[in-house]
Amino acid sequence: YSDYDGGDLVLWQAKCILELRPGDALLFMGSLICHGNTKITRGVRNSVNLFTHKSIIDWIK
């Protein structure tokens, strides 16, 4: 993990900006929620993006 400023998660429809810090995890349906990030103004921010095919979600239900 590195020290950085910016790179906050923006959830556009919810008009919400989330400041996630190293070690935080957030799960949401990115295909349904328009999202983005604010500019990183200092340092380096790393993230891991994972996805699951809809058929797996349907199977779980």
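Mind counting the residues in region 2-36 that are in contact with a strand residue (DSSP E or B) (Cβ under 6 Å, 6 or more places away or on another chain) and among the polar types (S, T, N, Q)?
1
In region 6-25, is there at least one residue being loosely packed, with under 11 Cβ neighbours inside 10 Å and in contact (Cβ under 8 Å) with a residue 40 or more places away in the chain?
Taking every residue of region 6-25 in turn, none turns out to be loosely packed, with under 11 Cβ neighbours inside 10 Å and in contact (Cβ under 8 Å) with a residue 40 or more places away in the chain.
Please note which strands (runs of 3 or more DSSP E) are completely contained in the chain and include at least 1 residues that are among the charged types (D, E, K, R).
So the answer is 4-6, 40-43.
Keeping to region 1-27, report how many residues are modelled with pLDDT of 90 or more and basic (Lys, Arg).
1
When you go through 37, 49 one by one, which is the residue that is touching a Leu at 6+ places or on another chain (Cβ under 7 Å), at pLDDT 85 or above and not acidic (Asp, Glu)?
On inspection, the qualifying residue turns out to be 37.
The values are calculated or read from the model by the stated rules, or taken from the named source; none is laboratory data. Small disclaimer: the values here were computed from a predicted structure and weren't measured. Methodologically, a virtual Cβ is constructed for each residue, glycine included, from the backbone with ideal geometry; neighbour enumeration extends over all protein chains shown.
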